[in-house]
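Have a look at the structure below, then the notes.
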Amino acid sequence: MTTILGIETSCDETSAAIVVDGRTVRSNIVASQVDLHAKYGGVVPEIASRAHIERLDAVIEEAMAVAGVTRDDIDAIAVTNRPGLVGALIIGVTAAKTLAWAWSKPLVGVDHIRAHAYSPAIEMQTPPWPAVGLIVSGGHTSLFLIRSPIDIERLGATIDDAAGEAFDKVAMILGLGYPGGPLIDKLARDGDPKAIDFPRTTLGPNSLDFSFSGIKTAVLYHVHGHGKTTGGLEKLSQRQLADVAASFQQAVIDVLVRKTMLAVKRSGVQTVVLGGGVAANQALRAQLASACEQRRLAFHAAKMAYCTDNAAMIAALGYHQLMAGDTAALDLDAYAHAR
Ligand code: KG4
Ligand code: ZN
């Protein structure tokens, strides 16, 4: 039995978790900063870093208390060291290095996006690999061929906005608030996904890359701009607002599902996994599940608690890296970009 303490501070969630053998989550404490950033309409890096400093010690203590472990039970410390806000990452990395040194434990540096890719496997008895992974978050949108937890090949990625970023920006255009994903998800349930034909940008029939900046502009023009304008946000009824949300969401989902199926065809695997913050979207989960069912593919979406940022996925992937001997020295650094 190998017990890992995971630490995550890459964006606006301060999180610590205790996970056994990369699978069993004994605790997963997440202190969200949404309330601190909401009035600015997005994450303010300096505020995020300060909040991580203030909260991280208590979050780690709580994760250990809930799991009922002491430092003697912990076999290694895993920490997100890329990609993310560098000032925010440094808080977690510094805490992890300090504990690794003080407690004489191995240190593991974990890639946040790869941890999202691993997240659907948490708490599964039989690992789902090999699989095509659709990983959709606020900062990244990628398709991966996941052969094992530590053998992950990127098949495609967004060339501009991430899917979650598009949800957040469209929510802003519609005056819904921040973060936009869950608000659009909810509003879209009352709307008609066929009401407005927003563009599905595919970048060509064979591309596994994504582009979500055009659709945000299309929504903006639909609400305020020229052409088939509604004449401004204030002129939209609640029903029309819901139609815009549902139609936007459907356009994004169509592209995500289509490209995931293309990746499956190309790679020849029989399993699809879904992870990242946007994986919490109910319509996306349902429609990807049904596309997989039609083709007799196995489908596993990350549990809701492991979709948005959390340290359980960091500890879980950290376990597999530890087993593979992929440990870090105490000069481990933080990086803004993915490897
Ligand atoms: O993975 P995550 O917590 O952070 C990053 O690594 O970026 O993803 C956050 C993103 C945000 O853009 C948020 O709006 C989106 O996930 N999100 C959703 C939903 N819940 C969160 N998007 C669509 N539907 C949701 N239910
Ligand atoms: Zn994330």
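Data for the structure
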quantity	calculated
Label-to-label distance, nm, for residues given as Met304 and Asp57 (7 Å Cα→Cβ offset)	3.4
Binned Cα-Cα distances of the stretch 26-156, short to long, each 10 Å bin given as a whole percent	11, 34, 36, 19, 1
Per-residue HN-Hα couplings for the stretch 35-48 [Karplus 6.51, -1.76, 1.60; θ = phi - 60°; Hz; x = Gly/Pro]	4, 6, 9, 3, 5, 9, x, x, 6, 9, x, 5, 5, 4
Geometric extent, Cα atoms of the stretch 246-288 - Rg, Dmax (angstrom)	10.8, 32
Computed [θ] at 222 nm, helices only, for the chain once each DSSP H run of length n ≥ 4 contributes -39500 (n - 2.57)	-13000 deg cm²/dmol
Relative contact order %, the chain, counting alpha carbon pairs below 8 Å whose residues are six or more apart	26
Descending principal axes extents, the stretch 238-339, alpha-carbon based, whole Å	55, 37, 23
Hydrodynamic radius by Kirkwood, which averages 1/r over all alpha carbon pairs of the chain, in angstrom	20.4
Karplus-derived 3J(HN,Hα), 6.51/-1.76/1.60, for each residue of the stretch 276-288, Hz, glycine and proline x	x, x, 6, 5, 6, 5, 5, 5, 4, 4, 5, 6, 5
Cα principal axis extents for the stretch 128-302, largest first, Å	51, 27, 27
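Just so you know, all these numbers are worked out from the coordinates, no wet-lab data involved. Here the structure is a predicted model, which means the values were calculated and not measured. As a convention, Cβ positions derive from the backbone with ideal geometry for all residues, glycine included, and neighbour counts pool all protein chains shown.
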